[in-house]
């Protein structure tokens with residue numbers, strides 16, 4: 001289902017065209033719901049955050065100034081709605097988000113013949129011919145995603161699950177490109193580590 | 001560049017935001033090191049699997065009540 005351009009969409013929403021509202025509601029609620037789930041703890045309802053977001057969109061559409069795309073504006077409203085529930089700070093990177101993403105013990109130390117090089121190469125993963133694994137692999141990835149610290153989970157959800165590019169994610173979360181990359185990098189390394197442990201039966205790195 | 005440095009540059013490389021000199025060192029290392037090639041492939045596979053997670057949907061009653069709310073807010 002192809003959405004009309006922003007200009008037409010906004011005009012139709014302002015004219016209270018219900019078909020246009022149904023169109024954006026159906027196109028974007030899935031992504032909004034997933035993003036909401038990356039913020040709210042299990043007890044709270046992500047669907048509630050999404051509903052509050054749409055109510056704010058209905059109320060605020062006449063004031064939309066077009067400084068970002070309509071979709072970015074809607075996603076930002078969700079982020080603010082979700083954050084208000086939790087009062088989180090996104091602009092600074094806590095110390096726990098710095099440091100190496102791969103266990104340093106996997107690399108040679110200063111006394112080894114090849115410092116900083118793999119002591120043992122990462123073990124191979126089963127190839128795409130193991131299609132029967134797909135469902136289990138996805139479940140493992142979903143579990144790893146749920147175990148991430150919130151800020152990493154939010155960025156990974158937007159970038160890799162929903163497929164937004166770096167500029168869009170920075171606009172939605174109002175963070176710098178550098179912070180966005182640090183969070184994405186850690187999150188990907190964590191999920192890769194979990195998949196590695198899953199495939200190779202190894203220990204999960206702390 | 002060694003392997004320990006390589007793994008920390010993977011995201012910058014995939015986003016295409018490395019400066020040309022660092023990117024050349026990254027690619028040079030990749031050409032020489034099977035372990036890092038495998039690591040990069042595994043990160044790519046991880047990203048693909050994340051993009052493959054099943055979509056979520058708003059419960060039908062929530063959708064209905066939002067459409068009703070939209071109808072109620074006449075200009």
**Asked** How many nm separate the modelled label positions at residue A:76 and residue A:14, each set 7 Å beyond the Cα in the direction of the Cβ?
**Response** 1.8
**Item:** 0 to 90° range, to nearest 10: angle between helix A:70-86 axis and chain A longest Cα axis
**Value:** 70
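Sort the following peptides by mean Cβ neighbour count (other Cβ atoms within 10 Å, averaged over residues), highest first: A:19-26, A:74-81. Could the numbers behind the result be given before it?
Details: A:19-26: 16.6, A:74-81: 20.0.
Packing order, densest peptide first, comes out as A:74-81, A:19-26.
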**Item:** Cα radius of gyration and Dmax for the range A:105-168 (Å)
**Value:** 17.1, 45
**Message:** Under the rule a/c < 1.5 gives rounded, and otherwise a/b versus b/c splits prolate from oblate, where does the protein assembly as shown land using the Cα gyration tensor?
**Reply:** prolate
**Request:** With a Förster radius of 30 Å, plug the Cβ-Cβ distance of residue A:26 and residue A:123 into 1/(1 + (r/R0)^6) and report the FRET value to the nearest 0.05.
**Result:** 0.10
**Request:** Please build a GNM for chain A, connecting alpha carbons under 10 Å apart, and tell me which residue among A:139, A:15, A:105 fluctuates the most.
**Result:** A:105
**Request:** Using only Cα atoms, find the angle between the long axis of helix A:134-147 and the longest principal axis of chain A, and express it within 0 to 90 degrees, rounded to the nearest 10.
**Result:** 80
**Request:** Specify the inter-centroid distance of the range A:1-77 and the range B:1-71, based on alpha-carbon positions, in whole Å.
**Result:** 25
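What Kirkwood hydrodynamic radius, in Å, does chain B give when the mean of 1/r is taken over all pairs of distinct Cα atoms and then inverted? All intermediate terms of the calculation are to be shown ahead of the outcome.
Working: mean 1/r = 0.0629 Å⁻¹.
Mean inverse Cα-Cα distance, inverted, gives 15.9 Å.
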**Prompt:** What's the angle, to the nearest 10 degrees (0 to 90), between helix B:60-72's Cα axis and the longest principal axis of chain B?
**Reply:** 60
**Request:** For a quick protection proxy, order the peptides B:54-61, A:180-187 by their average other-Cβ count within 10 Å, most packed first.
**Result:** A:180-187, B:54-61
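So, R0 is 22 Å and r is the distance between the beta-carbons of residue A:83 and residue A:165; what FRET efficiency does that work out to, to 0.05?
0.50
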**Fill in**
Rounded to a whole number, the mean other protein chain Cβ count within 10 angstrom for residues of A:158-169 is 3
**Message:** Within 10 Å of each Cβ in B:9-18, how many Cβ atoms from other chains are there, averaged over the peptide?
**Reply:** 4
**Complete:** Taking r as the C-beta separation of residue A:62 and residue B:52 and R0 as 35 Å, the FRET efficiency to the nearest 0.05 is 0.35
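Values quoted throughout were computed directly from the atomic coordinates according to the rules given, and no laboratory measurement underlies them. Since the structure is predicted, the reported quantities are computational estimates derived from the model, not experimental observations. Counting neighbours? That spans all protein chains shown, and the Cβs are built from the backbone with ideal geometry, glycine included.
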